[in-house]
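Everything below concerns the one structure shown next.
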Amino acid sequence: MTGPQRPTGPEQPDGVRRSGLRNPDKAVRGLGAGTMSLEALVLLLAIQPIRVVGGDLSGAAIGAIVTLAVACVVLAGMMRRPWAWHAGTVIQGLLLLSGLLHWSLFALGVMFALVWAYALHVRRVILG
């Protein structure tokens, strides 16, 4: 006699697809927080190379970089809140707009917008 048949794949009896993670919400929050933290670190570390290689970096551009980096750090700590993901998208837009102050900020904005778009995709796939 065999017991009840369990599904062999990722499908559950109710048709819900599981991600295989013990706590998918926590994993996705970690992805968002890690992305925001990495962005803040790269922004702060990019100030000097941009000044040396990229030419004239105005005080407004440095202020924008520091402000965006601080916003990224604050947002990394608030990833539990559903609005934090929308705020992260706004930060990517602001970084792209800061490209008006210096071309290299636009380049960083494009790179991090792509990374953020991938993080949003992973979030949608895992959480549904």
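When the chain is fully extended, how far beyond the present Cα-Cα distance does Ala87 get from Lys26, taking 0.36 nm per residue of separation?
20.1 nm
Rg and Dmax of region 16-101 over Cα atoms: what are they, in angstrom?
Here Rg and the maximum Cα pair distance are 15.6, 54 Å.
Label points 7 Å out from Cα along the Cβ direction at Trp103 and Arg124: separation in nm?
Going by the 7 Å Cα→Cβ label model, 3.3 nm.
Would you list Ile126, Ile91 from the most to the least accessible area, probe 1.4 Å?
Ile126, Ile91
Can you put His86, His102, His121 in order of accessible area, largest first, using a 1.4 Å probe?
Largest to smallest exposure gives the sequence His86, His121, His102.
Subtract the Cα-Cα distance of Ala60 and Leu94 from 0.36 nm times their separation in residues, and report this length gain in nm to one decimal.
Here the answer is 10.9 nm.
Could you work out the mean projected area of the convex hull around the alpha carbons of region 81-128, in square nanometres to one decimal?
That works out to 3.2 nm².
For region 48-97, what D do you get in µm² per second when you plug the Kirkwood radius from alpha-carbon pairs into Stokes-Einstein at 20 °C and 1.002 mPa s?
178 µm²/s
The values are calculated or read from the model by the stated rules, or taken from the named source; none is laboratory data. Just so it is clear, the model here is predicted, and its values are computed rather than measured. Note: ideal-geometry Cβ built from the backbone for every residue, glycine included; neighbour counts use all protein chains shown. Protein only, heavy atoms only, side chains kept; ligands, DNA and RNA dropped before computing areas. Shrake-Rupley method; radii C 1.70, N 1.55, O 1.52, S 1.80 Å.
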